Every structure is written in structure tokens, then in C-alpha cells.
């Protein structure tokens, strides 16, 4: 009953926020900056509302860096996004392009004005240029630079970081702050690995458009709806965000990527 009620409530909330964001977008006919501010406010309100509806409880260790900052973290599950929106007032996030195509939700995510990225090398220069521009304009930049490698199950370790987009920090001599996400479920309920992690990622197929078989071996074969209902049946779950006190600065993107991954892993607690 809890899962069904929450699902219905979340669906209504998404539809209401979608109608509102489409309505305030009309302000762009008179003022583009006003429209952008209104859409951002609606999107952040929507994300915070979703976090409450699905039973998310945020626990923060350490402090969010003073803006403007460049912040990276590990990525465990889709609700990392809602956790970020719960403590970030604003920021330019780097988001996978296919998410933009999700009905209703894609429009709401677009309201935060992220940088959409396609996981192909040809798109790296474009995204890097947009990130450099955001840094130079004094905006907060946020991303999870983990690679889609299939040897580490999400939540059990920190996957290798990609250096291509981190090059934006090298170019601008911008120190990068870092944090880690981990999850907990209430005592007596299934562990996070069973109810909070959905995989494999449908947005990360191989070049032939298929999901690697090695990915299927690490995750339970289930539909996203089955996964979602199990999550919504929990009374609550905890997201622990741990912030490191000092940023990392490097002159080489590969060195920066390696040092950041090792640093995030040091403050990361694997999920059960």
C-alpha cells in the first residue's frame, strides 16, 4: 500500500510540476533570464518534492564548498540527482543526453539548465568548452566522472574517473572539490544493493547497442517498475553525503582523474 500510494503521489507531483514549468516557460517570450529563473525554481522544487515522496533522508558529513566550486562525486543510483538537488541551490550539472528524452521528467531536468553529454569522444570538446565557459562565468559545476566499466558493481567501489571532461579544470586552473555518496536502509529491511540500485544502466550500451552480459551478472534482472516499487515500499532510506575539506589541483587531466578517484574512494563507504 505504501508503494502504491507513493507511486500515485509521485506521478501526480510530476504532472503538476510539468504543467507549471511549461507554463512559466512562456515568460521567455518577454524575458529569457526570467524564464530561466522560474524554470530553475520549479525544477528544484520538483526534485526536492520527489526526494520527500520516495522517502529519502539526507545526512551530510562535512560542508558544501564555498561557491563558486567544481564538485565531483561517485555515482550509485538515479536518486543521486535528487540528493544533489536537496542541498545544492544552483549549479551546472553534466547530465547524460538520453535523460533529456524521458517523457515529462526530461523537461523538468532540463529546467536546471544542465550540460547534456553524449558518451562519445566526438562530443567531449563541445562539453569541455561549455564547462570552461561555466567556470569562467563563476558558476558551480557538478559532475560524476565515473566510467561505465563493468568490473565494479555500482555502490561496491568507485569506478575509474574519465579525464576528458576534467580537463576543463586543468585549462582554467580550477581546484576540484570532491564528495561521496552512500546509502542505508532501515534495520530489518533489504540492504541498499537489493532495493536501491538498478542496473545495468540502459543508457550505457556497447557500440553495437547491447548491454554487456557482464553487467547482467552483477544486477538482478528486473524492470525499472519492479525496482521502483521495492524502493517505494521502504519506510525510508538514507543518503549519506560526505564532503572532503580540501580540493585537488593538477596540471594533467589523467593525473587529476586518478587522484580524484583515489580521494573519493578514501571517504566512500560501500553499500551492503
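Between residue 30 and residue 96, what is the FRET efficiency for a Förster distance of 22 Å, r being their Cβ-Cβ separation, to the nearest 0.05?
So the FRET efficiency works out to roughly 0.10.
Given R₀ = 41 Å, FRET efficiency for residue 223-residue 258 by Cβ-Cβ distance, to 0.05? List each step's numbers first, then the result.
Numbers: r = 37 Å, r/R0 = 0.90.
The pair residue 223/residue 258 has a calculated efficiency of 0.65.
Let me know the shape class of the range 80-134, please: from the alpha-carbon gyration tensor, a ≥ b ≥ c as square roots of the eigenvalues, rounded when a/c is under 1.5, otherwise prolate if a/b is greater than b/c, or oblate.
Oblate, because a/c is 1.5 or more while a/b does not exceed b/c.
If contacts are Cα pairs under 8 angstrom and at least 6 residues apart, what is the relative contact order of the range 5-104 in percent?
Values: 51 pairs, mean separation 30.0, N = 100.
After rounding, I find 30 percent.
Tell me whether the range 29-165 comes out rounded, prolate or oblate; compute the Cα gyration tensor, take square roots of the eigenvalues as a ≥ b ≥ c, and use a/c under 1.5 as the rounded threshold.
Working: a/c = 1.41, a/b = 1.13, b/c = 1.25.
Rounded shape, in that the Cα axes give a/c under 1.5.
What ranking do 225, 56 get, fewest neighbouring Cβ atoms within 10 angstrom at the top?
Details: 225 9, 56 20.
If I rank by nearby Cβ atoms, fewest first, I get 225, 56.
Considering Cα pairs under 8 angstrom that are at least six residues apart, work out the relative contact order of the chain and quote it in whole percent. Walk me through the numbers before you get to the answer.
Numbers: 450 pairs, mean separation 72.4, N = 272.
Answer for the chain is 27 percent.
State the three equivalent ellipsoid semi-axes of the chain, derived from the C-alpha gyration tensor as the square roots of 5 times its eigenvalues, in descending order and whole Å. Walk me through the numbers before you get to the answer.
Numbers: eigenvalues 144, 126, 69 Å².
So the three semi-axes of the chain are 27, 25, 19 Å.
Only bridges with both residues in the chain count here: give the DSSP antiparallel percent, nearest 5. Write out the running numbers ahead of the final one.
Details: 8 of 26 bridges.
So the antiparallel bridges amount to about 30 percent of the total.
No lab work stands behind these numbers, since they all come straight from the coordinates. Predicted model only: the values in this text are computed from it and were never measured. In this analysis, Cβ positions are derived from the backbone assuming ideal geometry, glycine residues included, and neighbour counts consider all displayed protein chains.
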